Structures are given as C-alpha cells and as structure tokens.
Amino acid sequence: QVQLVESGGGSVQPGGSLRLSCDAPKAISSINVMGWYRQAPGKQRELVAAVSTDGSANYADAVKGRFTVSRDNTKNTVYLQMNSLKPEDTALYYCNVKRLGLTYWGQGTQVTVSS
C-alpha cells in the first residue's frame, strides 16, 4: 500500500492561484505516473493533469494554459500549480500515483473558487 499525503487546497477568489502538493513515501521506487484528478459535486472524477517519470505531461483541455503539473523524483512528490482559477475549478482534488501496474489515490483536498 502506498500512502499519499496531499496539501495545499483551500478557498480562493476567481483569478487567484493555489499550489497543491502530494507526497508519496520517499523510500519507494518504480513510480510511473503521478498526477491529479478532481471531482465536483454531482460529476464524475476526471483527469486534471499527469506527469510521467521523464517529465512529459498531459492536461485536461479545461486547464491547459492555466495549470502546471510537475514532480520531484528525488522526493516522490508531485505538484499542481493552479493559476487563473475559475469557479468551475471548484472540486475535490485527488492525487493519483501509478506504480508497478497498480493505482493509488490520496484522500483528496478541497479547492473552492468563489467570490
């Protein structure tokens, strides 16, 4: 089992920024993809952004140009820098890690964008 610890959620006004972090245990290896999903009330969980070991990333169309995903392989940490936030970005954000054919989820951190 891989425990993921998320931080950085909160409330912000439209146009603001937040940075999410997710720590996987430093002692483990062979992490493949690290990323973020989100789930808004009444909606399905969706991919926000993910980054592979080599740094290649993919994004949901809704966040391209506003969000940046990155990772520190020495720390097994993935980040999500969210700029120009919109009310429709309000959701519970989940860290996601893929390792050795298995997928692990964090507990989720709430992001609320409201004036």
*Quick one: would you say Asp61 is at pLDDT 95 or above and either more than 14 Å from Asp89 (Cβ to Cβ) or of a type outside the set (Phe, Trp, Tyr) (or both)?*
yes
*asked:* Of the conditions (1) in contact (Cβ under 8 Å) with a residue 60 or more places away in the chain; (2) closer than 20 Å to Leu4 by Cα, Ser52 satisfies every one except a single condition; which number is it?
replied: (1)
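At pLDDT 95 or above and within 14 Å of Ala91 (Cα to Cα): which single residue out of Val12, Val78, Val69 fits that description? Lay out the reasoning, then the answer.
On the way: Val78 fails: within 14 Å of Ala91 (Cα to Cα); Val69 fails: within 14 Å of Ala91 (Cα to Cα).
On inspection, the qualifying residue turns out to be Val12.
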*Restricting the range 93-114 to residues that are modelled with pLDDT of 95 or more and outside any strand (DSSP E or B), the residue that is least open to solvent (accessible area, probe 1.4 Å)*: Gly106
*Can you tell me which residue in the range 93-113 is farthest from the chain's Cα centre (by Cα), limited to those that are of a type in the set (Ser, Thr, Tyr) and within 22 Å of Pro14 (Cβ to Cβ)?*
Thr112
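The values are calculated or read from the model by the stated rules, or taken from the named source; none is laboratory data. As the structure is a prediction and not an experimental result, all values here were calculated from the model. Glycine gets a Cβ as well: all are built from the backbone with ideal geometry, and neighbour counts include every protein chain shown. Keep in mind that these areas ignore ligands, DNA and RNA; they rest on the heavy atoms of the full protein, side chains included. Shrake-Rupley method; radii C 1.70, N 1.55, O 1.52, S 1.80 Å.
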